[in-house]
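Heads up: the structure comes next, in structure tokens.
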Amino acid sequence: MQARSQRTRQKLVHAGAEMFNRNGYANATLGEIAGAAGMTKGALYFHFSSKDGLADAVQERGRAMVQGFIRERSETGVPPVQMLIDMTHWLARTLLDDPVIRASFRITNECAGRQPPVTDFHQDWITEVLRLLGQAREAGALRARAEGDGPATLLAATVCGIGVLAGTGIPYPRLSDRVAALWEPLLSALVPPDDVANYRTRPPVPAASTPSAAFGGAPGRPLGAGSRGGQRAA
């Protein structure tokens, strides 16, 4: 019974993400969301007492996806700066493929200033960026002048730019190329000049035996094929 309830909740979260992403937070109705999930409004209210509660659940799912990606990559020994690069490629892929991530950003943007506040997915993302920047700084991987709020602000703006590009319907290969191109100047601003070549600016290539090692089968290019070699992330 508990497993069935959990599946129902997950189905509602997915349907909520679809509707929030398609219609926006204000225009998405609980009736439409319940219908998209193939359920009644009564079933929806059993799991979520309000639209705010469902919106929070969508963003919490988005947070769990980000944290799960970081955890999996960390277990393979990916250094913090490479992790930041890989996070932006993961974001580019999921913005095209997964309504939960798209809806999480849209809900945050449309619900800014709400009282009581809803979950802030954008802040969750920035928190992970700050944590990784802190680890990179402690490891001596950043330039001496990459201090203060500059790096985090730069990466926050990068995320916004990726979101705008993804919203244009650009095909993933081209979006991936654009993200890789963004990292050429970003790396020069973040890490010592002699270390720039140590980082791969393209998505990680999934190992043949573990296709989930990259982004759910996201296409990648081998190191040396239009990418920077050195520290390998997978």
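The values are calculated or read from the model by the stated rules, or taken from the named source; none is laboratory data. Everything numeric in this text was worked out from a predicted model, so none of it was measured. In this analysis, Cβ positions are derived from the backbone assuming ideal geometry, glycine residues included, and neighbour counts consider all displayed protein chains. Just the protein is used for accessible areas: all its heavy atoms, side chains included, with ligands, DNA and RNA removed. Shrake-Rupley method; radii C 1.70, N 1.55, O 1.52, S 1.80 Å.
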Karplus couplings for the stretch 6-21 from phi (6.51 cos²θ - 1.76 cosθ + 1.60, θ = phi - 60°), rounded to Hz, Gly and Pro as x?
-> 5, 5, 4, 4, 5, 5, 5, 4, 5, 5, x, 4, 4, 6, 4, 5
When the chain is fully extended, how far beyond the present Cα-Cα distance does Val196 get from Arg22, taking 0.36 nm per residue of separation?
-> 58.7 nm
Please work out the C-alpha center-to-center distance from the stretch 1-69 to the stretch 107-185 and express it in whole Å.
-> 25 Å
Rank His122, Gly77, Leu165 by how far each Cα sits towards the positive end of the charge dipole of the stretch 72-189 (+1 on Lys, Arg Cβ; -1 on Asp, Glu Cβ) and give me just the farthest.
-> Leu165
Extending each Cα 7 Å along its Cβ direction at Ala64 and Arg174, get the distance between those two points in nm, one decimal.
-> 3.5 nm
Between Lys11 and Ser49, Cβ-based FRET efficiency (R0 22 Å, step 0.05) works out to 0.80
Roughly how many Å² is the accessible area per residue of the stretch 1-127, as a whole number, for a 1.4 Å probe?
-> 47 Å²
